[in-house]
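The next block holds one structure in the form of structure tokens; read it before the comments.
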């Protein structure tokens, strides 16, 4: 059994969403509304939100193309093998949001590049609430974190004018 776990890797043990609605590929407001309604954040939702936070626009391609675009920008880890329906923990979310917000403070975050230290940097900057970096995050909590991250970008002049949400979902 240990050999099977070793061959499968750590992410093989990560829980997956049994059934969730498709994450919108177009429309910023639709994406945020969809994420807010989810009990836990999946990789696809987190990746799309990270792209939105970083670029100010929604990514219209599929999950594989989105993953490659984020990997090229170093917004996700090079060795990450998340599937679209896999839940992501706070450390992974911390990594993505710190990279999207260009947060370069913190000795441990800069030296190691580990998500656990990225999560702590988000806490230090009051973007993330308290809690362990190993837990999963609800959609509502993630939307709040995204809102505070956008406020941070505006406050530090790293994000320009911010993201235009567009028309509310129907």
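Note on the stretch 79-134: Rg/Rh from C-alpha atoms, Kirkwood Rh, equals 0.97.
Diffusion coefficient (Stokes-Einstein, Kirkwood radius over C-alpha pairs, 25 °C, 0.890 mPa s) for the stretch 24-69: 234 µm²/s, rounded to a whole number. Taking every Cα-Cα distance in the stretch 113-160 and sorting them into 5 Å bins starting at zero, the pair-distance distribution P(r) comes out as 5, 21, 27, 27, 14, 5, 1 percent. Derived value for the stretch 21-155: Kirkwood hydrodynamic radius 14.5 Å. Basis is the mean of 1/r over every pair of different alpha-carbon atoms.
Each of 80, 109, 119 has some number of other Cβ atoms within 10 Å of its Cβ, and from fewest to most they run 80, 109, 119.
Values in this text are rule-based calculations from the coordinates and carry no lab data. This structure is a prediction, so every number in the text was calculated from the model and none was measured. Please note: Cβ atoms are built from the backbone with ideal geometry, for glycine as well, and neighbour counts cover all protein chains shown.
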